[in-house]
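**Q** Quick one: the structure is below, questions incoming.
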Amino acid sequence: MYEVEVKLAADHDAIRARLSEIGAESLETVTQHDTYYDAPHREFAETDEALRIRRVAHTDAAEHDDTGAVEDGHASPETLVTYKGPLVDADSKTRREHETGVDDDETMDAILRAVGFEPAAVVEKRRERFRLDEYTVTLDAVTDLGEYVEVETESTDIDGAREGAFELVRDLGLDPTDQIRTSYLGLLLGRAADE
């Protein structure tokens, strides 16, 4: 299975309005704190791989008591460990991805450090997710980078999934040829190098 993704810089207000027009379902809003690690045995920047611990807070979660009243609160934070392989498609951000949940982010960090992986950078963002057919559309507000939209799905049919993503991008009023194949981590590191 591959994660087939197209990412572009985009104004969220315009995309949100268009998503409403075409009947996309609003799913959730979350904040994510991603810590990326360097490997002791190879340069991930050269191999185009990534290993991260993602801490997710569900910012729009509210709990209801048995009378239906909303109580102040958020869903429990979630922690995921993700490995992303190199890009496998010249026309999109398609790659193999392996991800699993962990109970304790601090212990996972300690394990990675104990076997030689060192934190390299942190990416923070607020994400609004929408669903349209088999595609997830995500509006990302990335700290120090700006606003982006990602259109993605999981599939074994890379070409078909990519073309469907391109069609949805066009439906959102964007041009697929403007896509950005660099990760947020890469964009942040590139920006830091330019400063």
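The values are calculated or read from the model by the stated rules, or taken from the named source; none is laboratory data. Every value quoted in this text rests on a predicted model; they were computed, and no experiment measured them. Don't worry about glycine lacking a Cβ; one is built from the backbone with ideal geometry, like all the others, and counts go over all protein chains shown.
**Q** Taking the range 103-124, which residues are surrounded by fewer than 16 Cβ atoms within 10 Å (Cβ to Cβ) and without any contact (Cβ under 8 Å) to a residue 60 or more places away in the chain?
**A** 103, 104, 106, 107, 110, 111, 113, 114
**Q** Would you check which residues across the range 144-174 are of a type in the set (D, E, K, R) and out of contact with any strand residue (DSSP E or B) (no Cβ under 8 Å at 6 or more places or on another chain) and list them?
**A** If the condition is that a residue be of a type in the set (D, E, K, R) and out of contact with any strand residue (DSSP E or B) (no Cβ under 8 Å at 6 or more places or on another chain), then 144, 157, 159, 163, 167, 170, 171 are the ones that fit.
**Q** So which pairs qualify, if the first residue must be in the range 71-97 and farther than 22 Å from residue 108 by Cβ, the second must be at pLDDT 90 or above and among the polar types (S, T, N, Q), the Cβ gap must be under 8 Å, and the two must be at least 6 apart or on different chains?
**A** Listed by first residue and then by second, the contacts come to 86/47; 87/94; 88/94; 92/179; 93/179; 93/183.
**Q** May I ask you to list the residues in the range 95-134 that are under 25 Å from residue 29 (Cβ atoms) and among the β-branched types (Val, Ile, Thr)?
**A** The answer is 100, 102, 122, 123.
**Q** Okay, moving on. Of the numbered conditions (1) under 16 Å from the mean Cα position of the chain (by Cα); (2) at pLDDT below 85, residue 78 fails exactly one; give the number of that condition.
**A** Unmet for residue 78, out of (1) under 16 Å from the mean Cα position of the chain (by Cα); (2) at pLDDT below 85: (2).
**Q** Assess whether residue 153 counts as being free of Cβ contacts under 8 Å to residues at least 24 places away in the same chain, more than 21 Å from residue 45 (Cβ to Cβ) and in a strand (DSSP E or B).
**A** no
**Q** Separate question: Can you name every residue in the range 135-150 that is in a strand (DSSP E or B) and aliphatic (A, V, I, L, M)?
**A** Residues satisfying the conditions are 137, 139, 141, 142, 149.
**Q** When you scan the range 156-190, how many residues do you find that are part of a loop (DSSP other than H, G, I, E, B), touching a Lys or Arg at 6+ places or on another chain (Cβ under 8 Å) and surrounded by fewer than 18 Cβ atoms within 10 Å (Cβ to Cβ)?
**A** The total comes to 3.
Residues checked against (1) under 22 Å from residue 49 (Cα atoms); (2) without any contact (Cβ under 8 Å) to a residue 24 or more places away in the chain; (3) under 15 Å from the mean Cα position of the chain (by Cα):
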| site | (1), (2), (3) |
| --- | --- |
| 126 | no, no, yes |
| 136 | no, no, yes |
| 139 | no, no, yes |
| 148 | yes, no, yes |
| 164 | no, no, no |
| 168 | no, no, no |
| 177 | no, yes, no |
| 188 | yes, no, yes |
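**Q** Within the range 82-94, can one find any residue that is part of a loop (DSSP other than H, G, I, E, B), closer than 18 Å to residue 30 by Cβ and at pLDDT below 95?
**A** no
**Q** Please find, within the range 95-134, the residue that is modelled with the lowest pLDDT out of those that are in a strand (DSSP E or B) and of a type in the set (Asp, Glu).
**A** Going through the qualifying residues, I end up with 97.
**Q** Output the residues belonging to the range 39-74 that are among the charged types (D, E, K, R), at pLDDT below 95 and either within 20 Å of the chain's Cα centre (by Cα) or surrounded by 15 or more Cβ atoms within 10 Å (Cβ to Cβ) (or both).
**A** Residues satisfying the conditions are 48, 49, 60.
**Q** Among all residue pairs at least 6 apart or on different chains, which show Cβ distances below 7 Å where the first residue, located in the range 4-20, is touching a residue at least 40 places away in the same chain (Cβ under 8 Å) and the second is of a type outside the set (A, V, I, L, M) and in a helix (DSSP H, G or I)?
**A** Listed by first residue and then by second, the contacts come to 4/162; 6/166; 6/176; 8/178.
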